[in-house]
Amino acid sequence: MMKEHPPHAKPSEVRQSPGKSFLYALPMMLLTLMMLSGGKIPADPQRLFVLAVTYLFFNVLFFLMIHTGKTDRYRATAFITYAILFIVSFISHMFEARGSMSLSQEKIILCEVPFCHLVIPMTLIPAAFTKTIIFPGSITGGFASIASMFVIWIGASLSMGRGWCSWGCFFGGLDDAFSRILKKPLIRKIDPRWNYLPWAVLLAVVLTAAAFLSPTYCEWLCPFKTVTEFQAVTSFKILVQTIIFVSLFIALVIVLPLLTKRRIQCSLFCPFGAMQGLTNRINAFDVRIDPDSCINCKRCMTACPTFSVTEESIRTGRPLMSCMKCGTCVDVCPKGAASFHVRGTPVAVNRNIKRLLFLYAAFLFLAIFSGGTIQDGLSRIIRLITTGSMI
Amino acid sequence: MQGFFLGLSSGAVCAAYCAPVLVPYLLGEGRSVLQNFSALLQFLLGRLLGYLAFAVFAWGIHASLPQDIAHRNLLIGAAYVLLAGLLIFYSFFKAGRACPSAGGQEIDHRLCDSRSSLFLLSMGLATGLNFCPPFLLAVVTAADQASLLQSLLFFLTFFLGTSVFLIPAPFLGLLRGFSPLHLIGKMAAGLIGAYYLFLGTTMLAGGLYR
């Protein structure tokens, strides 16, 4: 019996008229207003201004996503802004609380180190066997507590799987930004075996963290310490650690993304990202390539910033589990073969509804999770302009 | 029995200390469960030799060595450097090199096996000389034994108690059908080797490492 396929979706089908786009964006407008304002409109004019700018920023981007049918460029605008303002906000916080970006032994002993999601893979085994969290942060309360980050991570994993790395991670926007600067990549050929490096880093840091009961990735390898916080250099060991993380930041977050136009840190090094790939398997949303409408032009493969589309995955119609659901392949596909998809449904039908469902989940998460940080970052920039100081 | 129970009660920590060495190797080799059991036995034999060597030492010097921080760092540092050398060698030089036994010659096959055994014995020996917290406890208790034989017996039973926790490791062989794990294991061995190399050299260099 011949299998009947519905008519193939054209890229133009996901474009919406302004009126329809407004209607689709209305739930997002209401939800973001509620979440960003916390239910009350601030009386302070500066805070009101910052809230209004943040609110407009998110909702204009969401409206454009729906109106144009393009995802990645608007996602990236919000994602990169988030990463930059996160750094502004975080560093200002550190200066306010400690007077510098460096972390003293006293703060470590007092467990006042902000917890970040990158530590999660290292904490799981020691927590299971020793019932302790091997990170000097506070479990609840304080700035970036361990419990709050775990709750956010579980919520994000359930709602978008590894989409976290393109819609939630407050560091990901940095190499995303650098990967967009050049028009064409200067390095094109990258040995596909490097795709396994994040898994090796994950294995190495999980095993050494369990052995030495310390978060080895944070201590030795995390490039983002360069732009957040780091231990004050008081010994040879800390000096070596500092040299390592600054070098990794320059290489993996700036130089290589710039030369390759790929998100090198996120796709070829980050152990959290590797682990997060597993959550792609249990998540309701994924990206699919419809083999019937695919013309094998391989634009998706060339454009994918995370090495998640290969010839094999085009053939099978499924990107690799490292897919971060950024939407680049969906945007560049000339035939609309690549699309966001809800598991358990046919690939080629109701493409637009599935895209909308994913965007509601992912964009809402991004807006809620980053909203406070973006507002704080903006406030600090305004303060810098008006008073000359961010703190 | 005291040694055995001490080993049993603290064996999880011992397993955590051995895992960074053993797990990447077992993954990287991609052998069957049975072959992994054989590899584990060779690793454990090396570890036992390390323990017994230390039993003699601990009894002879009444545990003064581990209490002397400078000497302790020297010994742990040397063990780490040895481990680092083995792991880095495994990751970069042994990786991807076909075993001569692929040609089907018996003598080459035996040579390959003996090299692999020596490798596992050396890794076991280096982890056996590693001062993980349970091992330090055992050293202190062994130093109180009246005779050398008692000290040896204590370490032997302690070794048996801790080894129980390594029994699940060979079951990594169940994953051998997933070929990328071989490469991941070898890459992880290199990274862990680099970590041990830094720890070892700084410990050897003495007061620099704090």
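List of remarks:
- Debye equation applied to the C-alpha atoms of region A:284-349, log10 I(q)/I(0) at 0.20, 0.28 Å⁻¹: -0.67, -1.41
- Among A:G371, B:N130, B:Y196 - extreme Cα towards positive end, dipole of the protein assembly as shown, charges at beta-carbon: A:G371
- For the residues A:A156, A:A83, A:A52, a GNM of chain A with alpha-carbon springs under 10 Å puts the largest fluctuation on A:A52.
- Euclidean distance of C-alpha centroids, region A:26-60 and region A:214-289, integer Å: 32 Å
- Dipole magnitude for the protein assembly as shown: computed about the Cα centre from +1 point charges on Lys and Arg Cβ and -1 point charges on Asp and Glu Cβ, it is near 1900 debye.
- For peptide B:188-201, the mean count of partner chain Cβ atoms within 10 Å of a residue's Cβ comes to 4.
- Its Kirkwood hydrodynamic radius, worked out from the mean inverse distance over all distinct Cα pairs, puts the protein assembly as shown at 26.7 Å.
- Estimated translational D of region A:28-161 in µm²/s (Stokes, Kirkwood radius over Cα pairs; 25 °C; 0.890 mPa s): 138 µm²/s
- Listed by number, the DSSP H helices of chain A that run 24 Å or longer by alpha-carbon position along their axis and have mean Kyte hydropathy of at least 1.6 come to an empty list.
- Chain A - mean residue ellipticity at 222 nm from DSSP helices (-39,500 (n - 2.57) per run, n ≥ 4, rounded to 500): -17000 deg cm²/dmol
- Of A:K183/A:K354; A:K225/B:K186; A:K131/A:K354; A:K107/A:K325, pairs whose Cα-Cα distance is over 29 Å: A:K183/A:K354; A:K131/A:K354; A:K107/A:K325
- Region A:101-283 pair-distance distribution - Cα-Cα, 10 Å bins, rounded %: 9, 34, 39, 15, 2, 0
Every read-out reported here was derived from the displayed coordinates using simple, explicitly stated rules and does not represent laboratory data. As the structure is a computational prediction, the values presented were derived from the model and not from experiment. As a convention, Cβ positions derive from the backbone with ideal geometry for all residues, glycine included, and neighbour counts pool all protein chains shown.
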